Amino acid sequence: MRIADGSNALDAAGADLDAGSGRVLLHGRWTADQGPAVESASARIAAQGLSRPVLVDLSGLTRLDTLGAWVLERTRAEIEAAGGRLAYAGARPEHRILLGEMGLREPEPTPRDTRNPLIRFLDSTGRRVIRGGGEVLAGLAFLGEVVAAAGRVARRPQSFRLAALVNQLEQVAFRGVPIIVLISFLVGGIVAQQGIFQLQRFGAQSFVVNLIGLLILRELGVLLTSIMVAGRSGSAFTAEIGSMRMREEVDALRVMGLDPVEILILPRILALVIGLPILAFLGSLAALAGGGLTAALYGGMTVDAFLARLQAAVSFHHFAVGLIKAPFMALTIGIIATIEGFAVEGSAESLGRHVTASVVKSIFMVIVLDGLFAVFFAAINF
């Protein structure tokens, strides 16, 4: 009995069934362009396989592609699911490989965790701690690579790419001035306003100058600037290096005998270390200007009185505290951003995930570093 779709084409997909032995001889092209014929023949093979074991002979096929192989494997799976059996014979080596690749496999069931919920929580916490420790060690190792690259550049100044440093300074510092000055101005005004409202209860609204002077110069100015730089420049570093990783440009640099750390990382980190203190200084001035304007509007304080009070309340070492923190925060942001960039794999999802991780980790570490500096300066009474 012939099993086919009724086509008169000599090379059309079909099958001949030997009713006595249950052997099915396939013939023609079981390819995508013969889709209806392939589906029709496979349906009749499936019907035969429900009543007896079927042996499918592939020796008569002129061509088999992935569609034909997938339909055959789907038919075999349907027959076996119904309790029948289908086997292949006469398959050429390339046919066996194709059928093996198209084989329908059931997904492995996810093992059920039967442990106590407390044990699962402790296990999850321990794994996160170990993973965090590994990331810290990786960061220290990467910092060592950056220091080594800086040492090599110091021995060979002609190899340093000054144009790249200038470009990164423009992107990090110059183009970042407007947004940082604006936000710092607004935050300084908000802090002064809330301070005036609270201090008016005690008739001490003039002490708002001491509040905003110490808070902005020692803590808030550099911290707010670092957070904005982490969100603006740190994410850009991760996205740029991650995109280069996806396009294999980093591997191309290594093939050409160039060090990616010297070419890509060093100019960016140096730009951050130079640019962040400048931005922190400008941001602090803008915040003080916002606080002075608010003090004049809400507290009735003149500009001369504000400046005189500010000069009496703060000294140079308060200003120095913020500037001392800035390079360390810049180095932290640069290391985290570039590490996450190098960790990007070949997908857009990976790029987005590592950019998010870069911003979150940078902001977290900046806040932690600011707290450590606060404890240190308090301990030395500086």
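Among the protein heavy atoms of the chain, carbon and sulfur supply 64% of the accessible surface, probe 1.4 Å, non-protein parts ignored. Taking a temperature of 4 °C and a viscosity of 1.567 mPa s, what whole-number D in µm²/s does Stokes-Einstein yield for the chain with Rh from Kirkwood over alpha carbon pairs? Estimated diffusion coefficient is 48 µm²/s.
Within the chain, the whole DSSP H helices whose Cα atoms reach 27 Å or more along their own axis and whose mean Kyte-Doolittle score is at least 1.0 are 177-199, 266-298, 316-342, 348-379.
When the trypsin sites (Lys or Arg not before Pro) in region 39-94 are filtered for DSSP coil states and for at most 16 other beta-carbon atoms within 10 Å of their beta-carbon, the remaining sites are Arg85. Diffusion coefficient (Stokes-Einstein, Kirkwood radius over C-alpha pairs, 4 °C, 1.567 mPa s) for region 9-100: 101 µm²/s, rounded to a whole number. Largest GNM mean-square fluctuation across Arg152, Arg52, Arg245, computed for the chain with C-alpha springs under 10 Å, falls on Arg52.
Taking a ≥ b ≥ c as the square roots of the eigenvalues of the Cα gyration tensor, region 157-199 is classed as prolate, since a/c reaches at least 1.5 and a/b is larger than b/c. Among Val136, Val222, the sequence by solvent-accessible area, most first, with a 1.4 Å probe is Val136, Val222. Remark: C-alpha extents of region 161-239 on the principal axes read 58, 21, 17 Å, sorted largest to smallest. All alpha carbon pair distances within region 213-299 were sorted into 5 Å bins beginning at 0; the resulting P(r) in whole percents reads 3, 13, 17, 16, 12, 10, 9, 7, 5, 4, 2, 1, 1.
Taking GluC sites (Glu not before Pro) across region 276-382, the ones in a DSSP loop with at most 14 further Cβ atoms lying within 10 angstrom of their Cβ are Glu345.
Accessible surface computed residue by residue for region 165-220, with neighbouring protein chains in place and a 1.4 Å probe, gives 52 Å² per residue.
From the alpha carbon centroid of region 280-307 to that of region 206-278 is 29 Å. Along its three principal directions, the equivalent ellipsoid of region 297-382 from the Cα gyration tensor extends over semi-axes of 39, 18, 10 Å, largest first. With Cα atoms as the point set, the radius of gyration and Dmax of region 116-176 evaluate to 20.4, 62 Å.
The values are calculated or read from the model by the stated rules, or taken from the named source; none is laboratory data. Given the structure is predicted, the values throughout are model-derived calculations rather than measurements. When we count neighbours, we look across all protein chains shown, and the Cβ atoms used for this are built from the backbone with ideal geometry, even at glycine. Surface areas here come from the heavy atoms of the whole protein model, side chains and all, with no ligands, DNA or RNA. Shrake-Rupley method; radii C 1.70, N 1.55, O 1.52, S 1.80 Å.
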